[in-house]
Each structure stands twice: as C-alpha cells, then as structure tokens.
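Below: one structure, written as structure tokens.
The values are calculated or read from the model by the stated rules, or taken from the named source; none is laboratory data. Only a predicted model underlies this, so the values are computations on that prediction, with no experimental measurement involved. Because the Cβ atoms are built from the backbone with ideal geometry, glycine has one as well, and the counts that use them run over all protein chains shown. The accessibility values were calculated without ligands, DNA or RNA, using every heavy atom of the protein model including side chains. Shrake-Rupley method; radii C 1.70, N 1.55, O 1.52, S 1.80 Å.
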Amino acid sequence: MSEGVWAAPGRVNLIGEHTDYNDGFVMPFALPHTTVATVSRRDDGVLRLHSADVEGGAVELRVDDLAPGRGPGGWTDYPAGVVWALRDAGHAVGGADIHYESTVPTGAGLSSSAALEVVTALALNDLYELGLERWRTARLCQRAENVYVGAPTGIMDQTASACCTAGHALHLDTRDLSQRQIPFDLAALGLELLVVDTRVKHAHSEGEYGKRRAGCESAAAALGVPALRDVAYADLGASLDRLPDPELRPLVRHIVTENHRVERVIALLESGEVRAIGPVLTEGHASLRDDFRISCPELDLVVDTALASGALGARMTGGGFGGSAIVLTETSMSPTVRKSLLESFATEGHKEPRIFTAIPSPGARRMS
C-alpha cells in the first residue's frame, strides 16, 4: 500500500552552460514535465524499483549490498545511488517499494536523471523523517550520480529539480549554493521560450563531457586559481596569454564569458529588458559551438533556422552533442518559427524535432 506520491521536474537551463563544475553561475528553471514516484517503506531491507516507462519487471536490490560499481547498470542505478548516498552519509534509510512514471523526455538534455534522483530522495526524506534541506538533498543526489553512477556532472540539475519555483528562473552560485529566484513570466510579456528536442544524442557525448571537465580543471591549475570561476572577465585576455597549452584557451574563454552572460541576463531581466536577453542567448550558442565545441549540426540548424525566422535569440542547452535547444520568440511569431523548424529538419533529412513551450514550473514536491 502506497504511503505517498511525490514529483520532481526536469529542467531547462536558460543560460550558464558547463559553468557548474567550474564553481560558476547557472540559471535554470523547472519544466512542467515530471517524474512521479509512488512510494512505501519496507522492513525487509529490499529496494524494489519499477518504472512504467521501461520494459521489464521490477528490480529488487538489498540496501545493505548497495555500493558503487556493484549495481546492475541502467536506469535503476540512479535511485539505488540515492539510497546508497543517503545511507553513506549516515541517514537511517531502509527498504522501499518505488514505482515511477515520467513525462520528462530522456536523452533530450532536460535532466531526466536528476528528476529521478530528486524524487527518490524527497520521498525517502519525508518517509524516513530525515529533515534534509533541499540544497542538501540536491548535493546528495549529485554524489549519487558522480560516485555511484560514475557520471561527472555538476550540481545544477539536481538543485534545479529540488529548488526551482513557478514563474521564476533560479540564479544559482554553484560554489556556495546561494540562490536567488528571478521573475521570469514570459507569457505576460507576449513572449515564449520554445524547447526544441532534436531527438538525437551523439554517442561520444559522455567521453567528451569528461574531457571538457578535465581540460577546465587543468586550465585552472595552470592559472593558479581554485576554479575558472575565479578568472575575472576583465582579466580574460591576460589569463589566456598565460596558458601554455593553446587547446585550453577556448575552454577558458567560454567559461569566463558564459559566467559574464549569466550576470548580463540577470541585469536585463531585473531591469525589465526581457527581449534584450535574446542576443545574449545567441552569443552563448556561438561560444558553445566554437570555443567549447559541443554543438552538432542539428543544434546549429535549430539556432540558424529560428533566427532566420524572426526569433529573438536561440542556443543549445544541456551537455551538448545532441539534445535540445531553446528559442526565445514573440508569441505572435511562434507558429512561424515552429513551422520553419519542422520544414528545415525535414529538408535536411533529420528526425522530426519535438517542440514545446517551456513554462517555469514548481520544483520537487509531495503530491499526496
């Protein structure tokens, strides 16, 4: 018998890409798409996991046996990793029956894995009365993904899923986890932010992500700073000149200019110049494409087509090499932009993209 139902959303990142593992600034907001977990405790030490969205039956694991590298692999490593991380941190978590259903698109760069982690952590926090703050829950979920799953992700996705609020974008400082909710009600201004899921994920994405992270860490060490967040925008040119490895310079340039773009977007939103963030988004895409080199033909096609169709700005979002792009457009222009995107993908022989309006939505919550 169920003891409750919880939900945690996916997210889209407005600006601030690959800055989170460099102690920088990010600005995600939660999507209406969620992973829902129906949960009850067990007293036999068994973690029973089932998903309505994955073929096959339930997977049963013993909580005492959970350890990095010992899981069966696949989707169950994410919730199992959360249970391991909670127990490893000293929290008295026992077994559970958990049934999942999700509307967060997988492989689209919209943090389906973080939604799965956060909804698991939130449910167990409530049922086992752990008293964890949201930011701490996000940190434990990140540890689950880093150590148990083995994916070197930053803290943004889990924090966005756990902490975002409706009608706002979350300005997160990933060094100290301080947060500010920035009003982001586009509909009231006659604007839309479209998410364009290209439905492609290039196979080399995970290895290349790791290379970018390692390159950023090497550059920070070469510059004698704790992280690239500590390279001031005004000192960028001099810092680039000090780097002995020319391969590292474009990585540093992206991170430093991207942190600056987050600050510019916040200033524009707070001054009411919302339309003016469009060109800043487009600048961000150029930096991700040319300096960080994580775009792909499908993502570039979204950006080029949207801008040619009258959009105010566009950029890829997420880890790169596929996934999704975002497009800022006047609501009146949205049908034209959508039509052009569908036509351009058909002309190039790509899969038809999934396009939807991104509505800043609530973070993780108990439903019943």
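Here are the numbers:
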| item | result |
| --- | --- |
| Mean accessible surface per residue for the range 161-259, computed with a 1.4 Å probe while every protein chain stays in place, in Å² | 45 |
| FRET efficiency estimate (nearest 0.05) - Cβ-Cβ, Ala188 to Glu343, R0 25 angstrom | 0.25 |
| Charge context of Gly215, other residues only, Cβ under 14 angstrom, K/R +1, D/E -1 | +1 |
| Highest-MSF residue in the chain out of Ala169, Ala52, Ala325 [GNM, Cα springs under 10 Å] | Ala52 |
| The range 36-148, relative contact order [Cα under 8 Å, separation at least 6], % | 36 |
| Average Cα contact separation per residue, the chain, under 8 Å, 6 or more apart, as relative contact order % | 25 |
| Cα-projected label distance for Ser368 with Arg275, points at 7 Å along beta-carbon direction, nm | 4.6 |
| Heavy-atom accessible area per residue - the range 261-344, 1.4 Å, Å² | 33 |
| Dimensions in Å of the range 286-368 - Rg and Dmax from alpha carbons | 14.3, 47 |
| Pair-distance profile P(r), taking every C-alpha pair of the range 1-55, with 5 angstrom steps and integer % | 4, 14, 15, 16, 14, 11, 13, 10, 3, 0 |
| Qualifying lysines (Cα of each under 29 Å from Cα of Lys339; at least 8 residues distant if same chain) | Lys201, Lys351 |
| Distance from the range 341-367 to the range 285-301 (C-alpha centre basis), Å | 18 |
| The range 235-368: relative contact order in percent, alpha carbon pairs under 8 Å with at least 6 residues between | 16 |
| For the range 1-70: accessible area per residue (Å², 1.4 Å) | 39 |
| Rounded Å value of the spacing that divides the Cα centres of the range 22-81 and the range 217-240 | 37 |
| Helix-only mean residue ellipticity at 222 nm for the chain, each DSSP H run of n ≥ 4 adding -39500 (n - 2.57), per residue, nearest 500 | -11500 deg cm²/dmol |
| Pair Ala286, Gln181: separation of 7 Å Cα→Cβ label points (nm) | 3.5 |
| Carbon + sulfur, % of accessible area of the chain - ligands and nucleic acids excluded, 1.4 Å | 50 |
| Semi-axes of the equivalent ellipsoid for the range 154-220, Cα gyration tensor, largest first, Å | 28, 20, 10 |
| Sites Arg87 and Ala58 - FRET efficiency at Förster radius 22 Å, r taken between beta-carbons, to 0.05 | 0.60 |
| Around Thr305: net Lys/Arg minus Asp/Glu count, Cβ-Cβ under 14 Å | -3 |
| Alpha-carbon spread of the chain, three principal axes, descending order, Å | 58, 49, 40 |
| Most mobile listed residue (Asp43, Asp290, Asp64) in the chain, GNM with C-alpha springs under 10 Å | Asp43 |
| FRET efficiency estimate (nearest 0.05) - Cβ-Cβ, Arg293 to Glu352, R0 30 angstrom | 0.65 |
| Net charge of Cβ neighbours under 11 Å - reference Ala162; Lys, Arg +1; Asp, Glu -1 | +2 |
